[in-house]
Amino acid sequence: MTWCCLNGEIMPIEQAAISPMDRGFLFGDGVYEVMVQIDGHIRANSLHEARLQSSLDAIGLSVSVADVFADVVRLTKKTGLLNAKIYVQVTRGASPVRDHGFPSQISPTVFLTITEFEAITKKPVKAIVCPDIRWRCNSIKSVSLLGNVLLLQEARESGAQEAILYRDDLVTEASTSNVFLIRGQSLTTPPLSDLILPGITRHLVIEMAPTVGLDVVEEAIRVDSLPGADGLFVSSSTRGLMPIVELDPGGLVGNGQLTEAFVALQAAYDERLHYHE
Ligand code: PLP
């Protein structure tokens, strides 16, 4: 049975019902978080709490993040899952009248789901490279994901697993992850801005990289420099560190093989997942 928590009430997912007037459904008016629980501990819990708070602040929605995370704990206990993927969706709720403007009475919808998660080391994959067609406020973890959905679908239809995106010839991120490029012992990732999501995995990678001898540089990456890198990978909570060895267009990244630096970083990340602060 799949359990969820809707507005504080834990129930089988089949019993959960949300109004068709919910602004998440009508306007994509809401934010979300996704996190992984490993060995019964949520990875980087406080970073997820802080990011949810920041997304809520950015859309002017007042919800107690502490209460949401208390529900997360109750839901994980109910399922007994030790390794799990948890989604938190918070929308501005339903109002009787359809109007773009915020309703005067707001009763947010808070919806949590949990499913089993297996942290597996990701195999090398191919990515398409395409213009970033999304809006310009990507640091907000918005439930309005149509741009990301279309881009990932385009990747899949091209036989690839991810879409690496660029604006004005500079890499932003990927459709569901952040981008890192390896040159020798240097690890480069685009700096935080409103054009990318401040990924929690990105944060952990930047923290860990020096432990495997990589120097981190947060600076712009020209899209035409991608194939000439020694290595390329994307990061996300659910995909971990996923190496990209082929680009379309662009061909092989470096010699199309995993670099030693990446293998060391991926091993360090896998270990980090089982270290609970
Ligand atoms: N960028 C985008 C567009 C994403 O959707 C995600 C994950 O959902 C990420 C980056 C990676 O974020 P995190 O490492 O917090 O999962």
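Before rounding to the nearest 500, sum -39500 (n - 2.57) across all DSSP H runs of length at least 4 in the chain and divide by the residue total; then give [θ] at 222 nm in deg cm²/dmol. Spell out each step's value before the answer.
On the way: 6 runs with 68 residues, N = 277.
Helices in the chain give a 222 nm mean residue ellipticity of -7500 deg cm²/dmol.
Over the stretch 1-135, calculate the relative contact order: mean separation of alpha carbon pairs under 8 Å at least 6 apart, over the residue count, as a percent.
Answer for the stretch 1-135 is 33 percent.
When only Cα pairs under 8 Å and 6 or more residues apart are kept, what is the percent relative contact order across the chain?
Values: 537 pairs, mean separation 50.4, N = 277.
With pairs under 8 Å counted, the relative contact order is 18 percent.
Looking at the square roots a ≥ b ≥ c of the eigenvalues of the Cα gyration tensor of the chain, which shape do they give, rounded for a/c under 1.5, prolate if a/b is larger than b/c, or oblate? List each step's numbers first, then the result.
On the way: a/c = 2.08, a/b = 1.50, b/c = 1.38.
It is prolate, given that a/c is not under 1.5 and a/b is the larger ratio.
Quick one: which residues, 5 or more positions from residue 258 or on another chain, have an amide H under 5 Å from its amide H? H modelled 1.01 Å from N in the peptide plane, none for Pro or chain starts.
Distant-sequence amide H within range of residue 258: zero hits.
For the chain, find the longest principal axis of its Cα atoms and tell me its angle to the long axis of helix 146-157, 0 to 90°, nearest 10.
50
At a threshold of 8 angstrom on Cα-Cα distance, excluding pairs fewer than six apart, so keeping six or more, what relative contact order does the stretch 125-272 reach in percent?
On the way: 288 pairs, mean separation 36.8, N = 148.
Normalised by residue count, the contact order of the stretch 125-272 is 25 percent.
Could you give the angle, 0 to 90 degrees to the nearest 10, between helix 65-79's Cα long axis and the longest principal axis of the Cα atoms of the chain?
Roughly 90 degrees between the two axes.
Which residue, 202, 167, 43, has the most motion in a Gaussian network model of the chain that connects Cα atoms within less than 10 Å?
167
For the chain, with a Gaussian network of springs between Cα atoms less than 10 Å apart, report the residue from 197, 81, 26 with the top mean-square fluctuation.
Looking only at 197, 81, 26, the biggest GNM fluctuation is shown by 26.
Post the alpha-carbon centroid distance, the stretch 165-216 to the stretch 131-153, in whole angstrom.
Cα centroid of the stretch 165-216 versus Cα centroid of the stretch 131-153: 18 Å apart.
Once phi is turned into ³J(HN,Hα) by the Karplus curve 6.51 cos²θ - 1.76 cosθ + 1.60 with θ = phi - 60°, what whole-Hz value does each residue of the stretch 94-109 show in order, with x for glycine and proline?
9, 9, x, 10, 7, 8, 4, x, 4, x, 6, 9, 10, 10, x, 9
How large is ³J(HN,Hα), in whole Hz, for each residue of the stretch 196-209 in order, when computed from phi with the Karplus curve 6.51 cos²θ - 1.76 cosθ + 1.60 and θ = phi - 60°, using x for Gly and Pro?
9, 7, x, x, 6, 5, 3, 4, 5, 5, 4, 5, 7, 3
Can you give me the long-range amide H partners of residue 248? Hydrogens built in the peptide plane at 1.01 Å from N, cutoff under 5 Å, separation of 5 or more residues or another chain.
Excluding prolines and chain starts, which carry no amide H, the hits are 127, 128, 129.
Check which residues have an amide H placed less than 5 Å from residue 93's amide H, if you skip close sequence neighbours.
Here the answer is 23, 24, 109, since their amide H atoms fall under 5 Å of that of residue 93.
Per-residue HN-Hα couplings for the stretch 172-178, Karplus 6.51 cos²θ - 1.76 cosθ + 1.60 at θ = phi - 60°, whole Hz, x for Gly and Pro?
Once rounded to whole Hz, the list reads 9, 7, 10, 5, 9, 6, 9.
FYI, it's all coordinate maths here, none of it is from the lab. All figures in this text were calculated on a predicted structure; none of them were measured in a lab.
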